[in-house]
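One structure is given below, encoded as structure tokens.
What follows is calculated from the coordinates using simple rules that are stated; it is not laboratory data. Note that the coordinates shown come from a computational prediction; the quantities given were computed from them, not determined experimentally. Methodologically, a virtual Cβ is constructed for each residue, glycine included, from the backbone with ideal geometry; neighbour enumeration extends over all protein chains shown.
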């Protein structure tokens, strides 16, 4: 981890290893394609042998209350931000625009404000991030991740159709 000065702004630069991230994804049961950039890492995650969809569900639907009560991670449906983490999530789509049920795209920011803290005011280091990533991927595959609000990220599991018209 490095601290960078950009004018009056201080940034934390995480020195993440793409090989380590790929190994963590495999450990959680995902196949991955990794693209390492200067300021971020992009992961295309998939589970082609999985029978059901990834557990990305609509937090607002009362039918999903059981998942919501066990939920550890929340995704802002409008921006794709995994709340209180340096990650963003997006659906992967087929040619007709429908989301793939067994694959997603995950972005990881390497540059963060020096004031960035995880819940509980824990500072973010590379080792803490690797643990956070494993927990997130495990939740996506086994316990569930909630999508809060409507927007670019669509749920993949649970009851997703709405009742009544949406005007």
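Note on 4, 16, 11: ascending count of other Cβ atoms within 10 Å places them as 4, 11, 16, the fewest first.
Between the Cα long axis of helix 18-27 and the first principal axis of the chain there is an angle of about 40°, rounded to the nearest 10.
Each residue, residue 3 and residue 92, gets one label point 7 Å from its Cα in the Cβ direction; the gap between the two is 3.9 nm. Under a GNM of the chain (C-alpha, springs under 10 Å), which listed residue has the highest mean-square fluctuation: 118, 56, 134? Its mean-square fluctuation being the largest, the pick is 118. Placing dummy labels 7 Å off each Cα toward the beta-carbon, the span from residue 84 to residue 70 is 2.0 nm. Our compactness index for the chain, the C-alpha radius of gyration over the empirical 2.2 N^0.38 Å, is 1.07.
Okay, which of segment 92-116 sit inside 20 Å, backbone N to the point 7 Å along the Cα-Cβ direction of residue 42? Answer for this model: 92-112. So how tilted is helix 126-138 from the main axis of the chain? Cα-based, degrees 0 to 90, rounded to 10. The angle comes out at about 10 degrees.
Between residue 126 and residue 11, the contour length at 0.36 nm per residue exceeds the alpha carbon distance by 39.9 nm.
Only helices enter the 222 nm calculation for the chain: every DSSP H run of n ≥ 4 contributes -39,500 (n - 2.57), and dividing by all residues gives -5000 deg cm²/dmol, rounded to 500.
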